[in-house]
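This report concerns only the one structure given below.
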Amino acid sequence: MARLAALFRRLGKARQLDRAELQDLYRASNELWRARKQVASASVPQILSPFPVDAARQAEHTDHSAEKTVERVSIAVQRAANAVPWRSDCLIQAEAARHWLAAEGIETRIELGSNKTDSEGFLAHAWLIWRDRIVTGGDISRFSPFE
């Protein structure tokens, strides 16, 4: 854990991370690894199908606590994706955050979309949505969801 903590501290641009942030980054790294394996072996309909959430945990959440959890997961997954030694693109990040949030009792959905531009050609993108908030995937304004 000390090596992982040192790596995440360096990635935090020398900012001291507290124990909870380190635990979140460790969990996010594990979720990214699991998601990488899941996405490699799953079909698109399997990836996009609703994910079962932990009903007991769902009942524990208030709107405020769910919002704080979503924010924590969003930040940790994005930070960890920049740190892990494997490729963790948008779909991997969306799947990792979705699995983690489902375990916390928070229902989300993955969306896939595209953008065709003259300069960049065809671009595909994946993002995770909770209610009306983008959890992973950043600015999606130039992408149109697939129907």
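Every read-out reported here was derived from the displayed coordinates using simple, explicitly stated rules and does not represent laboratory data. Note that the coordinates shown come from a computational prediction; the quantities given were computed from them, not determined experimentally. Because the Cβ atoms are built from the backbone with ideal geometry, glycine has one as well, and the counts that use them run over all protein chains shown.
At ASP63 and ARG34, where each label point lies 7 Å from the Cα along Cα→Cβ, what is the point-to-point distance in nanometres?
Rounded to a tenth, the inter-label distance reads 2.9 nm.
Anyone know which of ILE92, ILE110, ILE47 comes out most mobile in the 10 Å Cα GNM of the chain?
Sorting by GNM fluctuation, first place goes to ILE47.
Grab the alpha carbons of the range 2-107, take their convex hull, and tell me the volume per residue in Å³.
104
If you place +1 on the Cβ of every Lys and Arg, -1 on the Cβ of every Asp and Glu, and leave all else neutral, what size is the dipole of the range 2-107 about its Cα centre, to the nearest 20 Debye?
720
How about the range 54-145: which trypsin sites (Lys or Arg not before Pro) there are in a DSSP loop, with at most 16 other Cβ atoms within 10 Å of their Cβ?
Counting only loop positions with at most 16 other Cβ atoms within 10 Å, the trypsin sites (Lys or Arg not before Pro) in the range 54-145 are ARG87, ARG131, ARG142.
What's the local net charge at ILE92, with K and R +1, D and E -1, over the other residues with C-beta under 13 Å away?
Net charge in that neighbourhood comes out at +2.
Under the Kirkwood approximation for Rh and a Cα-based Rg, what ratio Rg/Rh is obtained for the range 87-147?
Reported Rg/Rh, Kirkwood definition of Rh: 1.02.
Charges on Cβ only, +1 for Lys and Arg, -1 for Asp and Glu, centred on the Cα centroid of the chain; of ALA20, ILE134, CYS90, which one is farthest towards the dipole's positive end?
About the Cα centre, the residue reaching furthest to the positive side is ALA20.
Report the residue, chosen from LEU123, LEU112, LEU101, that carries the largest GNM mean-square fluctuation when the chain is represented by alpha-carbon nodes joined by springs under 10 Å.
Greatest mean-square fluctuation among the candidates belongs to LEU123.
Cβ under 14 Å from PHE51's Cβ, PHE51 left aside: what net charge do those residues give with Lys, Arg +1 and Asp, Glu -1?
Surrounding charge for PHE51 is -2.
What helices does the chain have that are whole DSSP H segments, at least 18 Å long along their own axis by Cα, and with mean Kyte-Doolittle hydropathy of -0.5 or more?
Span-like helices here: 63-83, 90-103.
Name the most mobile residue of TRP86, TRP100, TRP33, meaning the one with the largest mean-square fluctuation, in a Gaussian network model of the chain with Cα contacts below 10 Å.
TRP86
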